[in-house]
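This report refers to the structure that appears directly beneath it.
The values are calculated or read from the model by the stated rules, or taken from the named source; none is laboratory data. Nothing here was measured: the structure is a model prediction, and the numbers come from that model. Cβ coordinates were reconstructed from backbone atoms using ideal geometry, including for glycine residues, and neighbour counts include every protein chain displayed. Note: areas computed on protein heavy atoms with side chains; ligands, DNA, RNA excluded. Shrake-Rupley method; radii C 1.70, N 1.55, O 1.52, S 1.80 Å.
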Amino acid sequence: MRLTFLLVILLFAVAWAQPDYRAETTRLMPELETLYKWFHSIPELSKQETETARRLAQELEAIGLEVHSGIGGTGIVAILKSGSGGPVVLYRADMDGLPITEATDLEYASRNEGVMHACGHDIHMTCAVGALSVMNQLKGRWNGTILFVGQPAEEVGAGARAMMADPKFAQILDSVGKPEMAFALHDFANVPAGAAVLTSGFVTANVDSVDITMFGRGGHGAAPETTIDPVVMGAEVVTALQTIVSRRLPPGTRAVVTVGKFAAGTKRNIIPPDARLELTVRSYEEETRQFVLEEIERIAKGVAEAHNAPQPPEIYHHGDNYTPAGYNDPKLAERLRPIFLKELGPENLRELPPSMVGEDFARYSREMKIPGVMFLLGAADPEAFERGEELPPLHSDKFAPDYSLTIKTGVNLVVASLLELMP
């Protein structure tokens with residue numbers, strides 16, 4: 001009886017001595033806030049994240065992770081192990097900024113002219129440093145390997161592909177083992193800080209970029225009968241493309257065809273020889289994606305033929321920029337849901353429909369054929385959100401998250417999730 005009592009006391013003492021992850025996050029917050037401001041003030045464009053990657057690598061090395069740099073360009077892979085055995089979990093954060101001139105007037109605003117962290121990748125990196133630091137402090141309380149990926153070039157849809165194609169990435173996988181699941185977060189301006197969104201199924205869309213050049217015969221604007229007007233052809237194509245979703249797909253099918261750029265001509269009284277359209281195409285299911293792409297080609301060729309164009313249109317599909325739809329594995333998402341409810345409370349775990357935005361995180365789970373989950377981390381000022389104020393969205397030159405609460409919530413959710421996935 002006495003021995004049993006002493007063992008119970010010992011177990012309580014060990015548990016008491018182990019750091020609570022929330023308390024550890026709170027202790028780290030001053031350092032994380034300083035780090036966030038540094039990342040925010042020094043944004044770099046896709047494939048140019050040299051200083052960002054260097055600082056991120058330094059932070060991870062200081063924690064005690066094994067860090068590999070220069071993967072897929074400026075990418076980083078860092079490894080943290082605990083216990084014996086256990087799964088390998090890939091945890092990703094992206095690093096690149098956007099070609100936007102910041103207009104927030106913050107004291108830590110971008111110092112790199114024409115570049116801004118307007119999509120929150122500075123939040124993602126800071127949360128990763130915080131979470132990995134806490135997980136390092138909790139060694140012995142979890143079993144497995146965290147394969148952290150600091151990814152470049154997410155904004156141009158090229159970073160995940162470049163990292164996975166790098167032979168050094170394959171060598172690292174050979175040494176630690178194939179990940180059993182992939183995990184990430186993305187901040188979200190439509191939800192207040194302190195809340196999050198965890199969706200089962202589709203969460204982001206397929207994104208295809210398509211360019212169409214319509215060829216005509218140029219001439220004087222006063223004598224259109226002597227020309228074949230590519231501007232008129234282009235205008236017909238723009239209108240006809242909108243019928244793909246509204247008339248060629250079953251009602252309720254989720255897809256978008258947007259012509260974001262229409263360029264032609266040099267002067268008002270000159271009918272030009274060609275017109276160029278630039279499209280973004282969004283979808284979820286692969287069969288829908290293929291159908292829409294085929295319809296775009298059919299419409300463009302049909303319009304050109306109807307106008308007796310001198311040559312068929314040139315249609316270029318930017319395959320290198322394609323990003324696949326993000327799909328949260330339902331079993332994995334439901335496994336994490338109780339963790340999110342416990343961490344946030346039911347009032348702060350939001351339900352939202354999937355978005356038509358793109359994100360190349362899905363490549364890791366798709367190409368490795370492993371389940372993956374990306375959750376959305378609320379970033380809006382809670383008081384302003386509650387008042388119903390119109391707040392700047394992601395990719396706005398005025399986007400300014402409530403960084404302190406967002407980071408603290410993100411770190412705790414990542415840590416709680418990793419502890420669940422690697423018990």
Answer yes or no: is there a residue in segment 172-180 that is buried (at least 17 other Cβ atoms within 10 Å of the Cβ), assigned to a loop (DSSP other than H, G, I, E, B) and of a type in the set (Gly, Ala, Ser). no
Considering residues of segment 338-367 that are basic (Lys, Arg) and surrounded by 13 or more Cβ atoms within 10 Å (Cβ to Cβ) only, the residue nearest to Ile123 (Cα to Cα): Arg350
Selection status of Ile63, modelled with pLDDT of 95 or more, more than 22 Å from Leu147 (Cα to Cα), of a type in the set (A, V, I, L, M) and touching a Ser or Thr at 6+ places or on another chain (Cβ under 7 Å): no
For Ile296, which of the numbered conditions (1) open to solvent by less than 60 Å² (accessible area, probe 1.4 Å); (2) in contact with a Leu (Cβ under 8 Å, 6 or more places away or on another chain); (3) within 20 Å of Pro224 (Cβ to Cβ) fails to hold? (3)
Out of the residues in segment 377-415 that are among the hydrophobic types (A, V, I, L, M, F, W, C) and within 24 Å of Glu24 (Cβ to Cβ), which is surrounded by the fewest Cβ atoms within 10 Å (Cβ to Cβ)? Leu405
Any hit, segment 273-289, residues being among the hydrophobic types (A, V, I, L, M, F, W, C) and open to solvent by 80 Å² or more (accessible area, probe 1.4 Å): no
State all residues of segment 134-167 that are among the hydrophobic types (A, V, I, L, M, F, W, C), open to solvent by less than 10 Å² (accessible area, probe 1.4 Å) and more than 29 Å from Glu24 (Cα to Cα); if no residue qualifies, say none. Ala153, Ala160, Met163
Restricting attention to segment 186-200, which residues are open to solvent by less than 10 Å² (accessible area, probe 1.4 Å) and either within 17 Å of Pro371 (Cα to Cα) or free of Cβ contacts under 8 Å to residues at least 40 places away in the same chain (or both)? Leu198
Looking at Ser41, Ser69, Ser46, Ser84 in this structure, which one is in contact with a strand residue (DSSP E or B) (Cβ under 8 Å, 6 or more places away or on another chain) and small (Gly, Ala, Ser)? Ser69
Of all residues in segment 368-393 being assigned to a helix (DSSP H, G or I) and more than 20 Å from the chain's Cα centre (by Cα), the one that is farthest from Asp122 (Cα to Cα): Glu386
Within segment 17-118, considering only strands (runs of 3 or more DSSP E) that don't extend past its boundaries, which have at least 3 residues that are within 27 Å of Glu343 (Cα to Cα), open to solvent by 20 Å² or more (accessible area, probe 1.4 Å) and not basic (Lys, Arg)? none
Using beta carbons and a limit of 9 Å, which pairs, at least six apart or on different chains, have the first residue in segment 242-268 and over 24 Å from Gln290 (Cβ atoms) and the second one among the charged types (D, E, K, R) and part of a loop (DSSP other than H, G, I, E, B)? none
Quick one: in segment 252-310, which of the residues that are within 24 Å of the chain's Cα centre (by Cα) and assigned to a loop (DSSP other than H, G, I, E, B) is farthest from Asn321 (Cα to Cα)? Thr253
Of the criteria (1) in contact with a Pro (Cβ under 6 Å, 6 or more places away or on another chain); (2) at pLDDT below 95, which one Asp329 fails: (2)
For the list (1) farther than 23 Å from Arg161 by Cβ; (2) open to solvent by less than 40 Å² (accessible area, probe 1.4 Å); (3) among the hydroxyl-bearing types (Ser, Thr, Tyr), I need the number of the one condition that Ser246 fails. (2)
Of Gly120, Gly97, which residue is touching a residue at least 40 places away in the same chain (Cβ under 8 Å), at positive phi and not polar (S, T, N, Q)? Gly120
Within segment 343-367, the residues that are in a helix (DSSP H, G or I) and closer than 15 Å to Ala160 by Cα are Ala362, Arg363, Tyr364, Ser365, Arg366, Glu367
Output for Cβ contacts, cut-off 6 Å, separation at least six or different chains, first residue polar (S, T, N, Q) in segment 77-90, second modelled with pLDDT of 95 or more, reads Ser82/Lys139; Ser82/Trp142
